[in-house]
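Below: one structure, written as structure tokens.
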Amino acid sequence: MKRAIYPGSFDPVTYGHLDIIHRAASIFDELTVSVLNNKEKCPLFSVEERVKMLEEATKDLANVKVESFSGLLIDYAKRKQIRVSVRGLRAITDFEYELQIAQTNKLLSSGQLDTIFLTTSLEYAYLSSSSVKEIASFRGDISKCVPPFVARLVYEKYGYV
Ligand code: PNS
């Protein structure tokens, strides 16, 4: 069985993430979307909220499950006996950062964790969770960036609902 992890912050999940999830789920037998529980970052949504959002957004995909993890990705992947991490590449600006993570993970795992990149579909190439939050914080329109139920939750955080 071909299994992969799609790790990320997903704060919040965007149509760009969902594009990668749908495509990775059609390539692998099982995809685990894994929310990083990073105590140093100051996320808008708690890990539990992000997991719930992802579960709702992927409920129609039978081979997708959602979890959270703390610590190093390679340790989490080893515990789950998964050898592939999926990441989306939007524009060339992502490349250096992603290459660094991928190479570090490969080195630290002694070659046990490989990274596969999917190029984000063009319409989502400039979407990011950070810009969604910035737009929403000024009451801007995020309907083209995230599903309606996510938009409602984001606006709620900024006190607009
Ligand atoms: O959505 P993001 O914030 O770009 O995702 C980054 C993520 C979660 C993939 C990366 O920060 C990560 O894997 N963090 C876990 C800690 C780790 O393994 N660090 C070593 C890789 S440099």
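Can you pull out the residues in the stretch 107-130 that are more than 30 Å from PRO147 (Cα to Cα), in contact (Cβ under 8 Å) with a residue 24 or more places away in the chain and in a helix (DSSP H, G or I)?
LEU108
Look at the stretch 7-37 and say how many of its residues are of a type in the set (D, E, K, R) and either in a helix (DSSP H, G or I) or within 13 Å of the ligand (Cβ to nearest atom) (or both).
3
Mind checking whether some residue in the stretch 38-54 is assigned to a helix (DSSP H, G or I), under 19 Å from PHE117 (Cβ atoms), within 15 Å of the ligand (Cβ to nearest atom) and not acidic (Asp, Glu)?
no
Quick grid of which residues meet (1) in contact with a strand residue (DSSP E or B) (Cβ under 8 Å, 6 or more places away or on another chain); (2) under 18 Å from ILE5 (Cα atoms):
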position	(1), (2)
LYS65	yes, yes
ARG83	yes, yes
GLU96	no, no
SER109	no, yes
THR120	yes, yes
SER129	no, no
PRO148	no, no
ARG152	no, no
TYR155	no, no
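Taking into account only those residues within the stretch 62-106 that are touching a residue at least 24 places away in the same chain (Cβ under 8 Å), more than 9 Å from the ligand (Cβ to nearest atom) and basic (Lys, Arg), which is surrounded by the most Cβ atoms within 10 Å (Cβ to Cβ)?
ARG90
Can you pull out every residue in the stretch 111-142 that is open to solvent by 100 Å² or more (accessible area, probe 1.4 Å) and either within 13 Å of the ligand (Cβ to nearest atom) or farther than 30 Å from VAL161 by Cβ (or both)?
Scanning the stretch 111-142 gives a single hit, LEU122.
Just to be sure I understand the filter: pairs with C-beta atoms under 8 Å, separated by 6 or more residues or on different chains, first member in the stretch 22-48 and within 15 Å of LYS2 (Cα to Cα), second member within 10 Å of the ligand (Cβ to nearest atom) and assigned to a loop (DSSP other than H, G, I, E, B). Which pairs pass?
VAL33/PHE10
Within the stretch 143-161, work out how many residues are open to solvent by 80 Å² or more (accessible area, probe 1.4 Å), in contact (Cβ under 8 Å) with a residue 12 or more places away in the chain and within 24 Å of ILE21 (Cα to Cα).
Looking only at that region, the number is 1.
The values are calculated or read from the model by the stated rules, or taken from the named source; none is laboratory data. Bear in mind the structure is a predicted one, so any value in this text is a computation, not a measurement. We place every Cβ from the backbone using ideal geometry, glycine too, and count neighbours over all the protein chains shown. Quick note on the areas: whole protein, heavy atoms, side chains included, nothing else; ligands and nucleic acids left out. Shrake-Rupley method; radii C 1.70, N 1.55, O 1.52, S 1.80 Å.
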